Amino acid sequence: MYGLIGKMVATPGNRDTLAGIILNGAGTMPGCLSYVVAKDPRDVDALWITEVWDSAESHKASLSLPRVREAIAKGRPLIASFGDSVTSEPIGGHGLAEAQGAAAIERMNPQGLSTPTGYTHVVSTRGGKTIYIAGQVANDAKGQLVGKGDLAAQTRQVFENLSIALKAAGATFAHVVKANTYMRDASQVAVVREVRSKYQTNELPASTLVEVPRLASPDFLIEIEVIAVV
């Protein structure tokens, strides 16, 4: 998990208005496990904001949400200054996922299992919404194959398609908990790993790789399906 704690000072007399704008802009944000705005009893103009996210990527993505951008624009004129702030690594607590109806995702690589390459051995979830993404192949938006005979090009198109599908459901690759990869030639997995590392960085899903004799089209070299939880 990824945490943020920060102090915000409103222009004189505008603390309540600023707090209302912030809370209205927060709403439901994918990956947000807890978002608390509190008044500072020692300073009549100060607010403390405590955030817990399933990942830093989810927090970064939230800044592009229309509702959040609107709140930032409305609130900026009412902010006099920013005080202390710190990033943290939350380790648990009551109501983190349940408070927002969001998912709590835990990734583990237990002792006794081999060191994974680009995936996580065990992923558990609690709460949230489960999203199933159908197997994606290297077709573009017009249904045309991208990268005939080129595994790297096809893999990039597959991950671009997965990104579009996840975004449509309010998710990112940080929310993916399981991935199944089907390849015509598993000996070329290093090519897939290289491309995958550009999309899946710190929050790695449980993963299965299967070599198959053919896919829906003889020109498809790879297909990937994922499950995400937000």
Legend entry - Subset of the stretch 8-44 (residues that are under 24 Å from K167 (Cα atoms) and of a type outside the set (G, A, S)): I22, L23, N24, T28, M29, P30, C32, L33, Y35
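Conditions tested, residue by residue: (1) in contact with a Lys or Arg (Cβ under 9 Å, 6 or more places away or on another chain); (2) buried (at least 16 other Cβ atoms within 10 Å of the Cβ); (3) modelled with pLDDT of 90 or more.
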{"residue": "R107", "(1), (2), (3)": "no, yes, no"}
{"residue": "V137", "(1), (2), (3)": "no, yes, yes"}
{"residue": "Q144", "(1), (2), (3)": "no, no, yes"}
{"residue": "T155", "(1), (2), (3)": "yes, yes, yes"}
{"residue": "K167", "(1), (2), (3)": "no, no, yes"}
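Would it be correct to say that K39 is farther than 21 Å from E203 by Cβ, surrounded by fewer than 15 Cβ atoms within 10 Å (Cβ to Cβ) and charged (D, E, K, R)?
Values: farther than 21 Å from E203 by Cβ: yes; surrounded by fewer than 15 Cβ atoms within 10 Å (Cβ to Cβ): yes; charged (D, E, K, R): yes.
So K39 fits the description; yes.
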Inset, instruction - Specify which of the listed residues (A153, A71) is within 30 Å of F220 (Cβ to Cβ) and among the small types (G, A, S). - result: A153
Legend entry - Failed condition for N180, given (1) surrounded by 17 or more Cβ atoms within 10 Å (Cβ to Cβ); (2) within 27 Å of I105 (Cβ to Cβ); (3) of a type outside the set (V, I, T): (1)
Legend entry - Number of the condition not met by S64 [criteria: (1) within 22 Å of the chain's Cα centre (by Cα); (2) over 23 Å from L204 (Cα atoms); (3) of a type outside the set (V, I, T)]: (2)
Legend entry - Which numbered condition P41 misses (of (1) in contact (Cβ under 8 Å) with a residue 24 or more places away in the chain; (2) more than 22 Å from G93 (Cα to Cα)): (1)
Legend entry - First in the stretch 119-132 and assigned by TED's automatic domain parsing to the domain that holds G170, second anywhere and hydroxyl-bearing (S, T, Y) and assigned to a loop (DSSP other than H, G, I, E, B), Cβ under 7 Å, 6 or more apart: none
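The values are calculated or read from the model by the stated rules, or taken from the named source; none is laboratory data. Predicted, not measured: the structure shown is a model, and the values here were computed from it. Cβ: placed from backbone, ideal geometry, glycine included. Neighbour counts: every protein chain shown.
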